[in-house]
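Here the structure comes first, spelled out in structure tokens, and everything after it is commentary.
The values are calculated or read from the model by the stated rules, or taken from the named source; none is laboratory data. Here the structure is a predicted model, which is why all the values come from computation and not from measurement. Positions of Cβ are backbone-derived with ideal geometry, glycine not excepted, and every protein chain shown enters the neighbour counts. Calculation scope for accessible area: heavy atoms of the full protein, side chains included, ligands and nucleic acids excluded. Shrake-Rupley method; radii C 1.70, N 1.55, O 1.52, S 1.80 Å.
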Amino acid sequence: MASLKALKIRINSVKSTQKITKAMKMVAAAKLRRAQEAAMAGRPYAERIESVVASLAARAGGEGASPLLAGTGKDQVHMLVVVTSERGLAGAFNTNIVRAARRKAEELEAAGKTVRFYTVGRKGRVIKRFYPTGVVADHDLSTMKVARFDEAKAIADDLLARYASGEFDVAHLFYAKFQSALVQIPTTQQIIPVSVPTRDPKLAPTLSNDGDAAVEYEPSEEKILDDLLPRNVAVQVFRALLENAASEQGSRMNAMDNATRNAGDMINRLSIQYNRTRQAAITTELVEIISGAEAL
């Protein structure tokens with residue numbers, strides 16, 4: 001049985017930890033509101049640029065299309081861009097993203113594809129444990145306090161340069177989509193070549209029934225796409241950074257709340273054990289005193 005001194009030291013230690021987790025929860029809650037607003041504000045732009053690219057791609061597709069739209073003609077080498085955070089203590093936030101990337105890698109390898117990884121954020125480096133030679137690049141986010149577009153553009157420019165040099169054929173982006181402080185959904189998105197979704201007629205009312213545009217573009221659709229396609233990659237990476245920022249704070253707030261409550265439960269159990277041990281020690285001392293008095 002632990003001594004009274006050891007129990008008291010442990011109770012004080014758990015109380016100190018509880019103060020830290022409670023403070024971290026409050027900090028995460030304060031940061032979550034700003035991060036959530038930024039993520040929600042970025043979604044319409046990211047979704048709209050996708051719909052614009054889809055509309056233009058439907059008109060400009062065919063021979064001579066940009067490699068970012070038509071692809072390299074191969075589907076052998078896949079680059080998995082895994083976006084995680086720089087810090088831990090955020091529950092299963094980073095683990096879920098890495099797990100989704102590993103699951104995708106296993107599927108591709110089972111199909112005979114070559115898989116490479118591009119990690120963004122320190123916590124994504126855990127992939128090296130499973131693929132020691134598979135990580136070709138690691139983008140550091142330690143200097144980034146809030147998600148910035150110039151950081152996303154630097155990542156996108158590096159990916160586009162690697163794509164142009166023939167380093168890979170398809171790139172997939174992995175991040176956590178923020179839904180609420182309790183729910184963050186691991187998301188996979190193909191960003192290179194651009195995955196063109198089926199157009200919704202409501203989003204493209206300028207097209208007539210026979211497929212001819214009601215308007216003419218100046219310059220041509222091809223030239224507009226040459227500018228929009230690289231920008232779309234940067235916007236999607238920026239969206240991933242924004243979603244991750246909100247998801248990280250939400251997951252950390254929830255994790256620290258659970259840790260605070262668990263610390264409280266532990267303090268209660270240790271206090272009961274301390275009181276029982278103290279009571280037993282007092283009872284033993286009383287028995288010794290009474291026995292000594294009777295002996296006299």
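Worth pointing out:
- Search result, residues across the range 225-248 that are over 10 Å from K153 (Cα atoms) and aliphatic (A, V, I, L, M): L225, L228, L229, A240, L241, L242, A245, A246
- Residue, nearest to A23 (Cα to Cα), within the range 238-254, restricted to residues that are hydrophobic (A, V, I, L, M, F, W, C) and touching a Leu at 6+ places or on another chain (Cβ under 7 Å): M253
- Restricting attention to the range 84-98, the residues being of a type in the set (A, V, I, L, M, F, W, C) and over 13 Å from A176 (Cα atoms) number 1.
- Check on L68, touching a residue at least 60 places away in the same chain (Cβ under 8 Å) and either under 25 Å from A164 (Cα atoms) or in contact with a Phe, Trp or Tyr (Cβ under 6 Å, 6 or more places away or on another chain) (or both): yes
- Cβ-Cβ distances below 8 Å connect the following pairs, each with a first residue in the range 270-296 that is under 22 Å from K5 (Cα atoms) and modelled with pLDDT of 80 or more, a second residue that is in a helix (DSSP H, G or I) and among the β-branched types (V, I, T), and a separation of six or more residues or different chains: L270/I11; L270/V14; S271/I11; Y274/I11.
- Some residue of the range 64-85 being assigned to a helix (DSSP H, G or I), polar (S, T, N, Q) and surrounded by 19 or more Cβ atoms within 10 Å (Cβ to Cβ): no
- Comparison of R103, R99 shows that the only residue that is touching a residue at least 12 places away in the same chain (Cβ under 8 Å) and not aliphatic (A, V, I, L, M) is R99.
- Residues in the range 203-227 that are open to solvent by 30 Å² or more (accessible area, probe 1.4 Å) and modelled with pLDDT of 50 or more: A214, V215, E216, Y217, E218, P219, S220, E222, K223, I224, D226, D227.
- Residue match in the range 153-167 (condition: acidic (D, E), within 29 Å of N254 (Cβ to Cβ) and not in a loop (DSSP other than H, G, I, E, B)): no
- Of all residues in the range 127-154 being in contact with a strand residue (DSSP E or B) (Cβ under 9 Å, 6 or more places away or on another chain) and farther than 23 Å from D75 by Cβ, the one that is surrounded by the fewest Cβ atoms within 10 Å (Cβ to Cβ): D140
- Enumeration of residues in the range 120-175 that are small (G, A, S), at pLDDT below 90 and under 24 Å from M40 (Cα atoms): G121, S142, A147
- Residues of the range 86-101 that are touching a Leu at 6+ places or on another chain (Cβ under 9 Å) and modelled with pLDDT of 90 or more: A101 alone.
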